[in-house]
Structure formats: C-alpha cells, structure tokens
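Data block below; observations after.
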Amino acid sequence: MTAHNSATRTRTVAVSSTSGGPATRTARSGTLLAALGVTAFSLTFPATAWGLEGFGPWSLVAVRSALAALVAGAALLVLRIPVPARRHWAGLAVVGGGVVLGFPMLTTLALQTSTTSHAAVVVGLLPLTTAALSALRTGARPSRAFWLAALAGAAVVIAFTVQQSGGALSTGDLYLFGALLVCAAGYTEGGRLAREMPGWQVIGWALVLCLPLAVPAAAVALSFEPVHFTAHSVTGLLWVAIGSQFLGLVVWYRGMAEIGVSKASQIQLAQPLLTLFWSVALLGEHLSPAAPLAAVGVLVCIAVTQRART
C-alpha cells in the first residue's frame, strides 16, 4: 500500500509539473513579462533616432531620464512605498548608473554616426554579456562549450563592426561596446534585487536615485542644444522615457525575478532582429546583407551558450 501511494503521489507530481502547476505558471508568466520587456527595448533605437530629429544627444538622454524618474517617483509616492533598506542602495546605484544613465547616453552618442540596424547587431551581444556577468556575480562556472560559443559570438560581432566601419572600429562602435558592459551590469544587479523587492520598485528607485543628476543635466543641455518639436521627436522622447526607460524595465525585471537572469537574458536574443524590422518599417533604412547574417550568427552562438549552460 505504501509503495502504491508513493507511486500515485509521484504520478500526481509529474502531471502537476507538466500541466500547469504553480512552477509552470510562474515560468510562463516570467517568460511573457520578459518578452514584453524585450519588445519594448527593441523599439528603443528607432525611437532614439526619432528623438534625435528634434533634440541634441545630451538633452534627449537627460530629459528622458528626468521624465521617467518623475513618473516612477509619482508611482512610489502615491502607493506609499517605503524607502529601500540601506543594503540595497549600492545595487540600485549600479542599476541607475548602467541602465538609467550609462546605456542611454552611450547608445545615443553612437546613433549619431551609426544606423539603428548596425547598432542592433552590435548590441545583440548584450544577452551573452549579461549571462557572463551574472555567472561571475553568482559564482556559477559555465562549461567550456559555453565559453567557446561566447568567443565565437564575440568574433562575429567584432567582424561585423570592423567590416561596416571600413576596416577599423569607429567611435560609435566603442560607445556601443561600452554600453554593453554598463547595461549588462545594470541588468545583472537589477535581476538580483528583483528577488528581494518587486521589479518595478527596483527600476523606480534607481530612477529616483538619478533624478538629482537628471534634472540639472536636462536644464543645462537644453540651454546649449537647440530643440525642434516635431511629431517624431516628441513621440521618440516619450517612448524612450516611459516605454523603454520605465514600463519596459518594470516587466523586464519582474520577468528576471521569476525565471532567473540567465534564462531571461536569452529571450533578448530576439531583440536585434526585432530592431532590424523596426528600422526598416519605421525609419526606411536599407539593410546591408551582412546585418541580418551577423544577427543570425549572434543568435546561434548565444543559443549554444544557453544549451551548454543547461
């Protein structure tokens, strides 16, 4: 009887785990939230290109950060969210420096000389960078296959950027590679914090932390850089401020908390191809044959790293 009951419980657990149990529902929810975040992020480069039609690069970044911080601060205030514990502020500073300030500034500077399709392929290395930093942060030891695929992916990206730049890395490419590092650090630390507090509070407090820098920076930048209000520039500004900088990160960090940083980062494999689609559909850019090939090559390499890790 005991063996029979044990077998019955085993079958029940197996059925529960494969037919919509709590763990399965959490995985599905986290995957959906992370996918929504990736969709929002895929529009960031085209929206930034639109924003640059009416704003200078420094103005665009400072104003987007200030607007996103005001929205986040209002939400935290209305909902009476308590201030995070002191131990969380160092991590929030990393999120703010990487995601709120560093990545937007470096990619905006890069887009002054790079096309969105070119930038999308370079930033296609972000999931790999995030997974690698996450492994270092958590003490995990990826397999040899993981590192071989990682090196192959890096080689594809570097070869593409050198080919597109006429045989040498451009200043825009250096900005993009710097953006990879700071953003991956912000994602990794934000994913860790999202296990201890709601994901929207992670980005909310990181934005508020940057507000004392964003407001004066916006005032100074707007006084030096001319502004031309157009439908494109205003739409681009609003999207990067509210869509990418706040709402996209809210669902992204929540998704990472539910399914883990490494797994969520791999969903971002779709981001370069989505951005390539938006760059053609919204900006009328013409892709070089190397762009989609490089994007697919990066996807294959990072997919191998994910398979090796599991």
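The values are calculated or read from the model by the stated rules, or taken from the named source; none is laboratory data. Note that this is a predicted model, so its numbers are computed, not measured. Every residue, glycine among them, receives a Cβ derived from its backbone with ideal geometry; neighbour counts consider all protein chains shown. For accessibility, only protein heavy atoms count, side chains too; no ligands or nucleic acids. Shrake-Rupley method; radii C 1.70, N 1.55, O 1.52, S 1.80 Å.
Across segment 267-293, what is the number of residues that are closer than 22 Å to Y187 by Cβ and either more than 19 Å from the chain's Cα centre (by Cα) or free of Cβ contacts under 8 Å to residues at least 12 places away in the same chain (or both)?
Total satisfying the criteria: 0.
Could you list, in sequence order, the residues of segment 253-310 that are under 29 Å from A49 (Cα atoms) and of a type in the set (S, T, Y)?
Within segment 253-310, Y253, S265, T275, S279, S288 qualify.
Can you name the residue in segment 133-154 that is closer than 28 Å to T48 by Cα and open to solvent by less than 20 Å² (accessible area, probe 1.4 Å) and, of all such residues, is nearest to the chain's Cα centre (by Cα)?
Out of the qualifying residues, it is S134.
Can you tell me how many residues in segment 91-116 are open to solvent by less than 10 Å² (accessible area, probe 1.4 Å) and closer than 25 Å to A291 by Cα?
Of the residues in that region, 5 qualify.
Could you run through segment 35-64 and say how many residues are out of contact with any Ser or Thr (no Cβ under 6 Å at 6 or more places or on another chain), assigned to a loop (DSSP other than H, G, I, E, B) and open to solvent by 20 Å² or more (accessible area, probe 1.4 Å)?
Count: 2.
Within segment 267-279, can you find the residues that are open to solvent by less than 20 Å² (accessible area, probe 1.4 Å) and small (G, A, S)?
S279
In the set A241, A295, A257, A264, which member is within 21 Å of L101 (Cβ to Cβ), in contact with a helix residue (DSSP H, G or I) (Cβ under 6 Å, 6 or more places away or on another chain), open to solvent by less than 60 Å² (accessible area, probe 1.4 Å) and of a type outside the set (F, W, Y)?
Details: A295 fails: within 21 Å of L101 (Cβ to Cβ); A257 fails: within 21 Å of L101 (Cβ to Cβ); A264 fails: within 21 Å of L101 (Cβ to Cβ).
Testing whether each residue is within 21 Å of L101 (Cβ to Cβ), in contact with a helix residue (DSSP H, G or I) (Cβ under 6 Å, 6 or more places away or on another chain), open to solvent by less than 60 Å² (accessible area, probe 1.4 Å) and of a type outside the set (F, W, Y) leaves just A241.
Given (1) on the phi < 0 side of the Ramachandran plot; (2) touching a residue at least 60 places away in the same chain (Cβ under 8 Å), identify the lone condition not met by A231.
Only one criterion in (1) on the phi < 0 side of the Ramachandran plot; (2) touching a residue at least 60 places away in the same chain (Cβ under 8 Å) is unmet by A231, namely (2).
Looking at segment 150-161, is at least one residue modelled with pLDDT under 85 and closer than 30 Å to L247 by Cβ?
Yes, the conditions are met somewhere in segment 150-161.
Can you find even one residue in segment 247-266 that is under 28 Å from G56 (Cβ atoms) and either charged (D, E, K, R) or in contact with an Asp or Glu (Cβ under 8 Å, 6 or more places away or on another chain) (or both)?
no
Could you list all residues from segment 171-207 that are open to solvent by less than 40 Å² (accessible area, probe 1.4 Å) and of a type in the set (S, T, N, Q)?
First, the residues of segment 171-207 that are open to solvent by less than 40 Å² (accessible area, probe 1.4 Å): 172-173, 176, 178-180, 183-191, 193-194, 197, 199, 201-207.
Within segment 171-207, T188, Q201 qualify.
Could you list, ordered by first residue, the pairs with Cβ atoms under 6 Å in which the first is in segment 33-57 and farther than 18 Å from S117 by Cβ and the second is open to solvent by less than 10 Å² (accessible area, probe 1.4 Å) and among the hydrophobic types (A, V, I, L, M, F, W, C), at least 6 apart or interchain?
So the pair list comes out as A34/A264; G37/W252.
Please tell me if L282 is open to solvent by 50 Å² or more (accessible area, probe 1.4 Å), out of contact with any Gly (no Cβ under 7 Å at 6 or more places or on another chain), of a type outside the set (D, E) and not in a helix (DSSP H, G or I).
Details: open to solvent by 50 Å² or more (accessible area, probe 1.4 Å): yes; out of contact with any Gly (no Cβ under 7 Å at 6 or more places or on another chain): yes; of a type outside the set (D, E): yes; not in a helix (DSSP H, G or I): no.
When the stated conditions are applied, L282 does not pass them.
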